[in-house]
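Visitor: First the structure, then my questions, so here it is.
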Amino acid sequence: MAGKATSSAVLRACADWVVLGGPEEPVPVPDTRMVGGWIRWRRKRAYLPLRVAARRIGLSAGTLGALETGRHALTQVETAVKIADGLGVSREELVIRAVWDFRRLEDQ
């Protein structure tokens, strides 16, 4: 049928990323529902390898990786401020996201 779109948007979850787009060109979009995914996305947008970002922030690469993957919760405001400053993002937004995650985890 003329005029009818032949490709529909595809949404599928992949470990840390959600892929949006048609079958020709999927566009990776980070899964930022949790603060760790958002931190990882911001780090990757800044083209910072994990070890470089961790050094800049003042954390070990293992700790930053655990925060990004959700193995550790971001419960300390001081750590959130260090991460925000190290990545050049808004302190307020990162703290709000961390508090939102913490409350969501408490409700489960």
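FYI, it's all coordinate maths here, none of it is from the lab. Since we're looking at a predicted model, the values are computed, not measured. Here Cβ is always computed from backbone atoms with ideal geometry, including for glycine, and neighbour counts include all displayed protein chains.
Visitor: If I ask for residues that are touching a helix residue (DSSP H, G or I) at 6+ places or on another chain (Cβ under 7 Å) and among the charged types (D, E, K, R), which ones from the range 65-84 would you list?
Guide: The answer is GLU68, LYS82.
Visitor: In the range 45-98, what residues are polar (S, T, N, Q) and outside any helix (DSSP H, G or I)?
Guide: Within the range 45-98, SER60, THR75, GLN76, SER90 qualify.
Visitor: Still on this structure, please answer the following. Name the single residue, out of those in the range 46-81 being buried (at least 17 other Cβ atoms within 10 Å of the Cβ) and charged (D, E, K, R), that is farthest from GLY36 (Cα to Cα).
Guide: The selected residue is ARG56.
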